[in-house]
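No value in this document is a laboratory result; all are computed from the given coordinates. Here the structure is a predicted model, which means the values were calculated and not measured. Heads up, the Cβs are rebuilt from the backbone with ideal geometry, glycines too, and the neighbour counts pull from every protein chain shown.
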Amino acid sequence: MGEAMRETGRDRLNAMFAAMRASGRAALLPYLTAAIPTFEASVRLFKAMADAGADGFEVGIPYADPLMDGPVIMRAGRQALDAGVTVPVALDLVARVVEETGKPVLAMTYVNPVLRRGIERFFNEVATTGAVGLIIADLPADEAVPFLEAASATGLGMSLFVAPTTDDARLQAALDLDPAFIYAIAEVGVTGERDDASSNTERMAARIRERSDTPIVFGVGISTPDQAAAAGRHGDGVIVGSAIVRRVIDAGSAAEAESAVASFVGDIAAALA
Amino acid sequence: MRLDRPDERGRFGAYGGMFAPETLMPALIDLEGAFTEAWADPSFHSDLDELLSSYVGRPTPVYHAERISAELGIDLWLKREDLAHTGAHKINNTVAQGLLTTRMGKRRVIAETGAGQHGVATATACALFDLECVVYMGEKDIERQALNVYRMELLGAEVIPVTTGAGTLKDAVSAALRDWVASVASTHYIIGSVVGPHPFPWMVREFQKVIGEELKRQLEVPPHVIVAPVGGGSNAMGIFYPFVGDEGVTLVGVEAAGRGIETGMHGASLGEGSPGVLHGAMTYMLQDEFGQVLEAHSISAGLDYPGVGPEHAYFKDAQLVRYVSVTDDEAVVAFHRLAVTEGITPALESAHGLAWIIREAESLAGQTVVLNLSGRGDKDVQQVAGLDG
């Protein structure tokens, strides 16, 4: 046979989850919309977050009509689109983040940009960036098969979703499709900051663990170190999005954004430790 | 071939489906179950039929528009949905979904609206069934449809301005879906057209097909042509569906060409768009090369939408319906013409249908043509007056 088996994105993602389990804490996965406030400043923001203790990243490919996102991420996406951050530009940014931070990076998008590009081509392009996986926010398990096939062909780790509203049959159906991890939606609602920690995480994690060892990453409504720590007790990873994006779009300058985000990510990392 | 219902994945051929965040999926599946059960229940039909006749005012008449027929050299009939309660076909769907909401035990309703007709019809149904009502409406539409905003408030609804995007129908649908992601346990989303994830396109078609079923009974001989405006496509679906596949009947859906197809400022999703996923369904939509949704444009708020119901996409590919478009200017001319020749001010949406008939009068000579007069134009009078200066 030709070249030796190369480590796939999914392998590297699995390795991260295994390492986190061994160290007894959940991975901190900050979310940030690609290329805001600018491409180069965005690269620096991801580096600053890596230095502050992020274990990996979710990079949002901006989309014009993001049904799963609240006002903060919508605004960031609009800002990026207005600045010309197309899918190829966002993927370039993903590649730079992979290269400069060395961390596992998940690309996040909505289903239509994938379909427009062609499922196979889109997954190939994401794999080429060195990203470990892909999250498609409006893709339920029911429609996911062709996307999972592309993920498998390109070695990318794709997530499927479980929400507090998901019943046992749907949960089992999602697990049966063998996703690289379960993106567990901690709060009913779109992305955004909440005052209280989720009351759903413990029960959701128990329901998943009962059936499978698939890694669980909590996201949606996790916006403070305390909330991250609470979710992190039950999951393999925690995504913090709007609280980080808000610090970037509200900052007076790129430098200000960098220090605000670094200090915030440092606080979350400390809470998860 | 017309499909009685979409397949088990909610598809009409390649179109439709359920591309929704997981949080909503259980509610969509529950809704499919609740609708299927209600639609098979004679008591639901008798409650609905009673409301449609005594409250909505159905059947709506078919009017022979003799003066304009003589002018155009065709035999033009108007299906008078403008005479339904609240002034448009939208009430057929909202009364039915209101009844279903009560049956599902939900107490809060959300809706989107473009022209305001669906918002008014939803607010009306909510008053009737004593349901809390929140209507999302783009800020641009709030401006051009001020009368309907006040009507909704009068009926006890809360109107929430949507400031994202262009502030039109697409943004209102997205805002309503975002609300629903958070409120799904207590809330039903009364979507206003044959759009959205399964089961909405199918359910709304079933609630609107009463238009075409009545028309079949009302005409002694089937018409040669049935014309209806298409934004999301609910009035067109309602009048077309019972005739789809009938020999000798040509169905024509009229989209908004806005300022002209060549300007790129239009709402012709079927004519100029390409397949993609918008608001939870695979359908024809206006999008750029990277799959970003484009803004639509139309003088008519109800046609100002970059997508269309997935069953229309299926009809287009199967060549069961012909889809065409007319410009803002043509629609305004038609609006005036119906007013002065027949004493009827049509909704600007419906005026699009008439505009196509006027343009094609020569090729339609001698034929029997039915226009779905989907709504009355009171809401548009101020806007048209502004254009006239």
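Below is a table of values for the structure above.
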{"item": "Average other protein chain Cβ within 10 Å of Cβ, residues A:155-168", "result": "3"}
{"item": "Exposure proxy order (Cβ contacts within 10 Å, fewest to most) of B:L373, A:L106, A:L134, A:L81", "result": "A:L81, A:L134, A:L106, B:L373"}
{"item": "Sites matching GluC sites (Glu not before Pro) across the range B:144-236 that sit in DSSP coil, with at most 14 neighbouring C-beta atoms within 10 Å", "result": "B:E220"}
{"item": "Rounded FRET efficiency, nearest 0.05, which uses the C-beta distance separating A:D51 from B:D49 and R0 of 56 Å", "result": "0.25"}
{"item": "Theoretical gain in end-to-end length, B:L387 to B:D246 [0.36 nm per residue, Cα-Cα removed]", "result": "46.7 nm"}
{"item": "Label zone at B:E71 (point 7 Å along Cα-to-Cβ), backbone N below 12 Å, the range B:297-334", "result": "B:333-334"}
{"item": "37 °C / 0.692 mPa s Stokes-Einstein diffusion coefficient of the protein assembly as shown, Kirkwood radius on C-alpha pairs, µm²/s", "result": "128 µm²/s"}
{"item": "Gyration tensor verdict on the range A:25-272 (Cα atoms; rounded if a/c is under 1.5, prolate if a/b is larger than b/c, oblate otherwise)", "result": "oblate"}
{"item": "Cβ-based charge dipole, chain B, positive-most Cα from B:T168, B:A88, B:T101", "result": "B:T101"}
{"item": "Of all DSSP beta bridges in the protein assembly as shown, antiparallel share, percent nearest 5", "result": "20 percent"}
{"item": "The protein assembly as shown, helix-only ellipticity at 222 nm - DSSP H runs n ≥ 4, -39,500 (n - 2.57), divided by all residues, nearest 500", "result": "-14000 deg cm²/dmol"}
{"item": "Sparsely packed GluC sites (Glu not before Pro) within the range A:1-54, loop by DSSP, other Cβ within 10 Å at most 16", "result": "A:E3, A:E7"}
{"item": "Farthest toward positive dipole pole in chain A [+1 Lys/Arg, -1 Asp/Glu at C-beta], among A:A153, A:M204, A:I119", "result": "A:A153"}
{"item": "Relative contact order of the range A:25-272, pairs being alpha-carbon contacts under 8 Å that are 6 or more residues apart, as %", "result": "24 percent"}
{"item": "Test item: Cα-centred dipole of the range B:35-174, Lys/Arg +1 and Asp/Glu -1 on Cβ, debye", "result": "120 debye"}
{"item": "Amide H partners (placed H, <5 Å) of A:A64, local residues excluded", "result": "B:V293"}
{"item": "Two-site FRET efficiency, B:M1 against B:H64, from Cβ-Cβ distance with R₀ of 22 Å, rounded to 0.05", "result": "0.10"}
{"item": "For B:L78, net neighbour charge (Lys/Arg +1, Asp/Glu -1) across residues whose Cβ lies under 15 Å away", "result": "-3"}
{"item": "Order of B:M104, A:M204 - criterion: other Cβ atoms within 10 Å of each residue's Cβ, fewest first", "result": "B:M104, A:M204"}
{"item": "Cα-based shape type of the range B:123-184, given that a ≥ b ≥ c are square roots of the gyration tensor eigenvalues and the cut on a/c is 1.5", "result": "oblate"}
{"item": "Largest-first ellipsoid semi-axes for chain B, taking √(5λ) over the Cα gyration tensor eigenvalues, angstrom", "result": "29, 23, 22"}
{"item": "Calculated FRET value between A:D178 and A:A254, using beta carbons and R₀ = 51 Å, to 0.05", "result": "0.80"}
{"item": "Rounded to 10°, Cα long-axis angle of helix B:348-359 versus longest principal axis of chain B", "result": "30 degrees"}
{"item": "For the protein assembly as shown, size of Cβ-based charge dipole, Lys and Arg +1, Asp and Glu -1, in debye", "result": "520 debye"}
